[in-house]
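Every read-out reported here was derived from the displayed coordinates using simple, explicitly stated rules and does not represent laboratory data. Being a predicted model, the structure only gives us computed values, none of them experimental. So basically every Cβ, Gly included, is an ideal-geometry build from the backbone, and we count neighbours across all protein chains shown.
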């Protein structure tokens with residue numbers, strides 16, 4: 001078991017010092033942005049074109065759903081959301097800092113990416129650093 | 001590619017339902033035998049079998065069906081392509097005939113899905129921590145809810161408009177004896193049903209059912225040789241696309257672009273436009289999805305789907321009836337069978353055999369499926385009287 005929180009996904013970076021951040025990759029040929037670099041660029045087929053960069057923590061809410069029926073062991077309700085980030089990149093995660101009520105959530109609203117320890121541990125008891133979409 | 005047109009000369013589906021005591025092979029075989037009978041041929045006339053099934057893709061389901069209907073030693077092609085599985089199987093048969101390889105083939109789609117529960121996003125964590133409920137939801141109701149809410153962001157589509165889709169399709173299914181359900185669901189019942197993934201309530205999610213559908217495809221010369229002109233439905237277009245790169249599709253499966261691309265190709269191939277369609281069976285896996293596809297298929301302009309719903313244009317008797325079978329929402333969605341069952345619905349209308357829900361004088365119909373992952377298949381069919 002790790003004594004430091006692990007990263008929930010490879011594109012969430014947890015530096016030894018400093019704040020966690022999300023890392024994207026931009027294709028130097030066509031400008032496509034991905035969270036998961038592929039063998040070749042999925043947009044233009046370019047090879048060895050992925051260049052890592054820090055994704056912005058600011059963006060807007062593209063869409064959401066409020067989940068009331070989930071799989072066993074998952075707490076409901078929760079808001080599943082997708083945000084467009086400033087400067088490019090699209091992320092999906094839970095939305096926090098807002099009531100799970102469609103009347104309270106405005107499509108297109110300004111959001112920020114925030115970070116915290118996930119409320120669940122894995123089977124070995126490891127803690128995970130995760131990221132949220134949060135109203136700005 | 002050969003120039004000969006391809007016809008559906010026989011087609012059948014079983015009444016969708018829950019068949020705990022029956023094997024997948026027996027379900028597939030029942031539809032297959034029905035299609036052979038409808039085409040007035042036997043298994044000995046079939047030169048190749050295209051079998052669509054998703055959940056048992058490693059199970060050689062096509063051969064299992066052969067063991068029920070006749071093991072004649074012909075090639076069997078087992079196809080899996082998410083919810084486009086049945087349509088892809090049919091299309092492979094179409095391609096083989098167009099290529100001049102065969103004159104008569106059989107396509108079957110079958111699935112046992114009753115009681116499967118919610119799909120997508122579940123399962124055990126492969127390693128580390130499972131992201132479901134931490135990084136949003138990968139469940140199908142959520143994925144299609146998010147797609148619907150993106151439409152709401154753009155055009156102000158309302159929960160009530162999404163819900164009306166389900167009211168309509170459940171109404172249509174009351175006239176389809178082969179649908180899983182024949183139950184009216186008024187608006188307040190749809191909106192008041194258990195919320196699964198806002199804005200999709202339980203009645204706005206497709207029904208997991210067991211089912212099968214099958215059809216016999218023939219080259220034009222074989223169809224004429226057998227004198228089947230009065231029942232042969234011509235395949236005017238057969239298209240399969242995948243999702244091209246779009247900026248959001250890494251986190252948000254894009255069911256729109258692949259449908260738009262497929263529709264464009266299909267209309268070009270058939271030499272018709274959306275205004276020429278008499279009916280449409282489209283992939284209403286969730287009520288939110290149907291709304292998107294009105295625009296993707298060109299049944300209305302971008303941003304006009306809400307208006308189309310308010311005008312009841314897609315109801316029976318409307319300008320362009322959609323999902324007269326009851327759709328996936330009420331007829332049911334046995335994944336591998338869906339892409340042939342929707343063509344069964346078209347064929348019944350085009351042959352004037354759709355009973356109470358018949359579109360009078362229907363000549364051209366369009367069938368659409370989406371397989372998440374992602375792909376889209378569209379077929380445009382023309383009736384014998386056209």
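For the reader, a short list of remarks on this structure follows.
- The value of relative contact order for chain B, using C-alpha pairs under 8 Å at least six residues apart, is 25 percent.
- Tensor-based shape of the stretch B:269-386 (alpha-carbon gyration tensor, a/c under 1.5 rounded, otherwise prolate or oblate): rounded
- Efficiency of FRET between residue A:1 and residue A:75 - r from beta-carbon atoms, R0 35 angstrom, step 0.05: 0.90
- Between residue B:224 and residue B:310, the modelled labels are 5.1 nm apart [label points 7 Å from Cα along Cα→Cβ].
- Just so you know, the averaged projected area of the alpha carbon convex hull for the protein assembly as shown sits at 24.7 nm².
- Max mean-square fluctuation residue, GNM over chain B, Cα-Cα springs under 10 Å, options B:92, B:132, B:268: B:132
- Full extension of the chain between residue B:319 and residue B:20 gives 103.6 nm of extra length, using 0.36 nm per residue less the Cα-Cα distance.
- Mean Cβ count within 10 Å, highest first, over the residues of peptides B:327-336, B:47-56: B:327-336, B:47-56
- Computed FRET value (nearest 0.05) for residue A:51 with residue B:37, which takes r as the C-beta separation and R₀ as 51 Å: 0.25
- Note on chain B: with a GNM built from Cα contacts shorter than 10 Å, the maximum mean-square fluctuation among B:244, B:321, B:199 falls on B:244.
- Sorting B:20-27, B:275-282 by average packing, meaning the other beta carbons within 10 Å per residue, from highest down gives B:275-282, B:20-27.
- The mean number of Cβ atoms from other chains found within 10 Å of a Cβ in peptide B:141-153 is 5, as a whole number.
- The GNM of chain A, with springs linking C-alpha atoms under 10 angstrom apart, assigns the highest mean-square fluctuation among A:19, A:48, A:84 to A:19.
- Mean separation of Cα contacts under 8 Å (6+ apart) over length of chain A, as relative contact order %: 24 percent
- Shielding of A:118-125 by partner chains, average beta-carbon count, 10 Å: 3
- Prolate/oblate/rounded label for the stretch B:124-232 (Cα gyration tensor, a/c 1.5): prolate
- Over every Cα atom in chain B, the radius of gyration and the widest Cα-Cα span, Dmax, amount to 19.6, 63 Å.
- Sequence-separation-based contact order of the stretch B:276-344, relative, with Cα cut under 8 Å and 6+ spacing, percent: 38 percent
- Taking a ≥ b ≥ c as the square roots of the Cα gyration tensor eigenvalues, chain A comes out oblate, since a/c reaches at least 1.5 and a/b does not exceed b/c.
- Ordering of B:104-113, A:54-63 by burial proxy (mean other Cβ atoms within 10 Å per residue, highest first): B:104-113, A:54-63
- Seen from a random direction on average, the alpha-carbon convex hull of the stretch B:22-155 projects onto 12.0 square nanometres.
- Among the residues of A:85-95, the average count of other protein chain beta-carbon atoms within 10 Å of the residue beta-carbon is 4.
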